[in-house]
Amino acid sequence: MSGVVAAGYEPAQAPARSRRRRVSIPVILAAIVLLAGLVCALFGPWIAPHDPNEQDLFASLAGPSRNHLLGTDDLGRDILSRTIVGARTAILGPALIAFGAMLIGNFFGVLAGYRGGGSDTVISRIVDFVYALPALLIAIVVVGVLGGGYFLAVGLLVVLFAPVDTRIVRAATLEQRNRPYVEAARLLGLSDRRIMARHVWPNVLPIALANAFLTFAFAIVSLASLSFLGLGVGPGTADWGRMLSDSRNLLLDVPEAALAPGIAIVLVAVSVNIMGDWLSENLADRGRAR
Amino acid sequence: MRIEARLPEGARTIVRALDLDVAAGETVGIVGESGSGKSLTAKALVGLLPPGVHASGSVHVNGRETLGLPERSLRRIRGREISLLLQDPFTMLNPLLRVGVQVVETAAERTREEAVRRLAEVGIRDPAVAGRYPFQLSGGMLQRVALAAALASDPDILIADEPTTALDVTTQREILALLARIQEARGMGLVLITHDLRVAFSICRRIYVLYAGSVLEVASGSELEAEPLHPYSLGLLLSEPSVERKLGELAVVEGSVPFPDAVSGCCPFVPRCAWAAPACMEGDPPLREVGSGRFSACVRLDDIRPELEERHRAVEEAVPPDEPRAGGEGAALVTATDLRKRFARRRGQDEVAALKGVSIEVGAGESVGLVGESGSGKTTLARCIVGLETPTDGRVLIDGIEASDYSRLRSEQRRAIRRRVQMVFQDPYSSLNPVMTVGATLREALSVGPDSRTTEADLLARVGLPTHYAARKPVALSGGERQRVAVARALALQPRLLVCDEPVSALDVSVQAQILNLFAALRAELGLAYLFITHDLAVVRQVAERVYVLYDGEVVESGPVNRVLDAPSHPYTARLVASVPRTDPDWLEA
C-alpha cells in the first residue's frame, strides 16, 4: 500500500546561496562616504582648494567654474572649500556626542541592569525623566539663553542622548545577567565590579557600539539644526548647518550654496545609519555559540 | 539520497548516502548523535529542507517520486501521505489558536466534534482541552495535540523527529506507547528519529545507525543490542550508561562526530576507531549484508567480529565495582534543613511553591544524586545551596557555616564557602563567557583561588584538555570540551563539593560517557563530593551512591542508589524506574 524509498544519489546541482551575510554594496558606499567625511574633518584645510573664509566680493554668487567648482556664495567664498572644511564641526561634534553618550549609557546601563533594586530604580527614573524632555527644544533654550558656543551644545546633547544608550544597555545587561557564565563568576566570588567590567560589559558592547552609530546620525542632524538656527557655531563659520541657513535666501540664485552642505548632511547621516545597522547585525552574532 | 548545504565556502555534505525503506505498518528507527544528519533526513523526506540545503537522489512515497516536486504538489502529499512530528511541542503549535482548531486544520471535517474525537485518539479524553490555548497545556499534552494534528489527514507514513526528547521520562513512555499503539491500529509506517538507543530499542523493528551522514549499520533492535556489528554501534551501545547496574568505568569513544567532508573517501569512523586499518581508507565502505536483514558498513567486519564480540562481553560481564561507601561516613559537608522556596508570580496571583520543606545532607567525599522531573524543584534546591537563590525558609549549613542567606554573610565567610562549594551548569554553550579565552577564564578563577602556584595548564591537564586550548575561545570548543573547561574553572577554587546541575544532559552519549568518567576520576583523585542533579536514572546509577528523589518540591524517597532503583518504596519512584525505556516488548504495554 505505501512505502518510502530513498535511494541512490548524485552530486547536487543547486544554485549557491550564502548563509552568512556578505558585505553589501550600500555598506561599501556608506563606508566610502564616511571615510571621505573623516578625511575632510581631519585634513580639510589642507585639501580645500581655497581658504574657506577668503572673501572675494567681485566674484560673489558665481556659478560653477573651473576655479570654483561649486561656485561662490554671496561673500564670494568658495562653496566647495567651505563644505570640505565644514566637515570638521559636522563630524567632530556628533562623534563626541555619540562617544560620550555611549560611555555614560554603558556605565549606568550596566550598573542598573546588573545591580537591580535601588540603583536600578534611581537610574531608570532619571532616564525616564530625561527621555521625556524634548532634546532639541531644551538645547535651543539652554544654548540660546546661555549664549554658549559649539561645545556647550555638544555637551548638552551628550547628556540628552545618554538615556537612550542607558536604556538599551540596561536591557542587554538584564539578558546577560542570568546567563550561567555570569552566575559562575558570582560563585567564584568575584567582585561585582569585576563581573560588570569583565563579563557583562564586553558582551553588551556590540549592541552599545551599534547604537552609538545611530546616536551619531541623530547628533549630526541635531547639531546642524542648532547651527541652522544660529546657535552653537559662531556666525561666518564654515559649518554645514550654518551654510544651509546662510544660503537659504540664495536658493534661487546659487542653489549649490545650500545644496552642497544639505546633501553632505543627508549623505553622512544615511551612511552612518547604514553602518550602524550593519554593525549591529554582525557584531550581535559574534562570539555567540552556533 | 544525499543532502548538501551550499555555503559561501563551498558545498558541505550533510548526508552522504542514505538508503532507507519503510513498509506500511513498520516502525523504523534512525539513531545518531548530533551532527549525524538525522533531522535533515527527516526534513528532506517531506521536502522541508531549509534554503541553501539541497537533497539529491530519490524519495518515493507510495511509488511516486517526490524529491524535486514543486511546492504545490508536495503540499498535497504532506499530511495526507507523509506527515512530520517535531521535537519541541512548545514551539510547534501556534500560540494564538485554540488547539482544537489546529488539530482539524487539515482534516476533511473541521468541526469541534471531529477535534474532540481526534484528541481522544491520542489519549486526551477531556473534551474541554480542544478549547484551550497551547500555553495552558503541559509538554506531554502538547505533544499529544501535535500528534493528533500530524495524523489529522490520515497519513500513510509518520516521521517523528525526536518526539520525546523535550519531555520527562514518564511522559516519554506514554508518548512512545501512544505512537506504537496508533501505528499498529492504523497500519501506518513510522520513522522514529532519535539520539537515544534505548528509545529506539523499545519501539523500532529495524534500526539504522547514522554517523556523520552515513549509515553504518542496519539491524533489528534486539540484534543490535545483542551483537552490534560495527565498531561505532558497539561504542554507542557501550557508552550508554546502564540503569540496571553500576559499571566501573564507562566505555568511551574518544573524540566527537566529524563533518562528513572531513572523512570523505574513507570509513567515517576511522579517526575514532580502535580497529582502523589501511583497508578502511580505501573509498566509502558500502553497506554489506551480513545476515538476514542485517547490514554493516565495516569492511573489516570479518576480521574483527570476534574482537567486537569479546569487547562487548567484557563490558557486559564486568564485575560491578565494590559496593560504594555508605553515606554519612565523613562529617556532613552540606546540610539543608526544611528548605522552602516560594516564587512570586505576577502581581495579584498566588505564589508558587518550588520547595516545600526539603532536607538533604551531603557528607564529605560522598556522591549524592538528586533525581526528579522538570518542575520538581531540583534546580531551585541546588541554587539555594550555592546561594544563587535565597530560600524563603529553612537552613543551609555548609561546613558549619550558616549559609541560608548569602547576603548576610561576612566576606571572609563567603570566601570560605566559595572554596568549599562550586557549581557546574547544564548548558555548556552559555556557561563560559564567549569573549574570554579559556586561559583567561581559568586565570581569573585562579586569581581568587586559595593556591597561587596552580596554573591554568594544571587545570586543563586535570580535566584532560591539551595546554594549547588556553588560547581558544569557547566558540572553537565542542560541547564536551566546554563542559570540561567549566569543571576546570570550578576546580580552581579547590572546592570539596561540586554541585552539578544536569551537567551531561545536553551532550551526546559518547561525550556524556567521557564526562561521567572525568567526574569519577576527579573524585578518586581529589576526594570531591558531588551533588549530582539529573533526570536520568542511568546517570545517577553510575555517579552516585546515595539518592534523593524529588517530586513536586518534596523529597519522596531517599537512600542508597542500588536500593532505591532496584526496590523503590514510593510509588512515584517506582513509576520513574518503570519509565526507563527497555527492549522488552511488554514495556510499552504496561
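Structure values in brief
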{"quantity": "Reduction of at least 10 Å² in accessible surface, 1.4 Å probe, comparing all protein chains with the chain by itself, residues of the range A:199-230", "calculated": "A:199, A:202, A:203"}
{"quantity": "Chain B - accessible surface per residue (Å², probe 1.4 Å)", "calculated": "41"}
{"quantity": "Residue B:125 paired with residue A:122, simple spin-label distance in nm, labels 7 Å along Cα-to-beta-carbon", "calculated": "6.1"}
{"quantity": "FRET E, pair residue B:259, residue B:472, Förster distance 25 Å, beta-carbon r, rounded to 0.05", "calculated": "0.85"}
{"quantity": "Stokes-Einstein D in µm²/s, Kirkwood radius over Cα pairs - the protein assembly as shown at 10 °C with 1.306 mPa s viscosity", "calculated": "50"}
{"quantity": "Extreme residue, positive dipole direction of the protein assembly as shown, given options B:468, A:28, B:68 (C-beta unit charges)", "calculated": "A:28"}
{"quantity": "Unit Cα scatterers, Debye sum, the range A:95-249: log10 I(q)/I(0) for q = 0.13 Å⁻¹", "calculated": "-0.64"}
{"quantity": "Distance between modelled label sites at residue A:194 and residue A:138, nm, 7 Å Cα→Cβ extension", "calculated": "3.8"}
{"quantity": "List of the range B:45-63 residues, accessible area with partners at least 30 Å² below that of the chain alone (1.4 Å probe)", "calculated": "B:54, B:56, B:58, B:60, B:62"}
{"quantity": "Helix-only CD estimate at 222 nm, as mean residue ellipticity for the protein assembly as shown, using -39500 (n - 2.57) per DSSP H run (n ≥ 4)", "calculated": "-13500 deg cm²/dmol"}
{"quantity": "C-alpha long axis of helix B:438-447 to longest principal axis of chain B, angle in °", "calculated": "20"}
{"quantity": "Cα centroid separation, the range B:390-464 to the range B:550-567 (Å)", "calculated": "29"}
{"quantity": "Between the range B:84-140 and the range B:259-295, the alpha-carbon center distance in angstrom", "calculated": "44"}
{"quantity": "Sites residue B:440 and residue A:175 - FRET efficiency at Förster radius 22 Å, r taken between beta-carbons, to 0.05", "calculated": "0.50"}
{"quantity": "Percent antiparallel among DSSP beta bridges (both partners in the protein assembly as shown, rounded to 5)", "calculated": "60"}
{"quantity": "Cα lying deepest toward the dipole's positive end in chain B, options B:509, B:35, B:263, charges on Cβ", "calculated": "B:35"}
{"quantity": "Rg ratio (alpha-carbon, reference 2.2 N^0.38 Å) - chain B", "calculated": "1.02"}
{"quantity": "Two-site label geometry, residue B:80 and residue B:277: point separation in nm, points 7 Å out along Cα→Cβ", "calculated": "5.4"}
{"quantity": "Residues with amide H under 5 Å from that of residue B:85, placed H, sequence gap 5 or more", "calculated": "B:159, B:160, B:161"}
{"quantity": "Selection from A:140, A:116, A:98, by position along the positive dipole direction of the range A:86-206 (Cβ)", "calculated": "A:116"}
{"quantity": "Carbon + sulfur, % of accessible area of the range B:334-580 - ligands and nucleic acids excluded, 1.4 Å", "calculated": "46"}
{"quantity": "Chain B, relative contact order in percent, only Cα pairs under 8 angstrom and at least six apart counted", "calculated": "15"}
{"quantity": "Accessible surface buried upon A-B contact (total; probe 1.4 Å; Å², nearest 100)", "calculated": "4100"}
{"quantity": "Threshold 30 Å², the range B:412-459 residues less accessible with all protein chains present than alone (1.4 Å probe)", "calculated": "B:418, B:422, B:425, B:429, B:430, B:433, B:434, B:435, B:436, B:444, B:448"}
{"quantity": "Per residue accessible area of the range A:165-290, 1.4 Å probe, in Å²", "calculated": "44"}
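The values are calculated or read from the model by the stated rules, or taken from the named source; none is laboratory data. This one's a predicted model, so the numbers in the text were calculated from it and none came from an experiment. We place every Cβ from the backbone using ideal geometry, glycine too, and count neighbours over all the protein chains shown. Quick note on the areas: whole protein, heavy atoms, side chains included, nothing else; ligands and nucleic acids left out. Shrake-Rupley method; radii C 1.70, N 1.55, O 1.52, S 1.80 Å.
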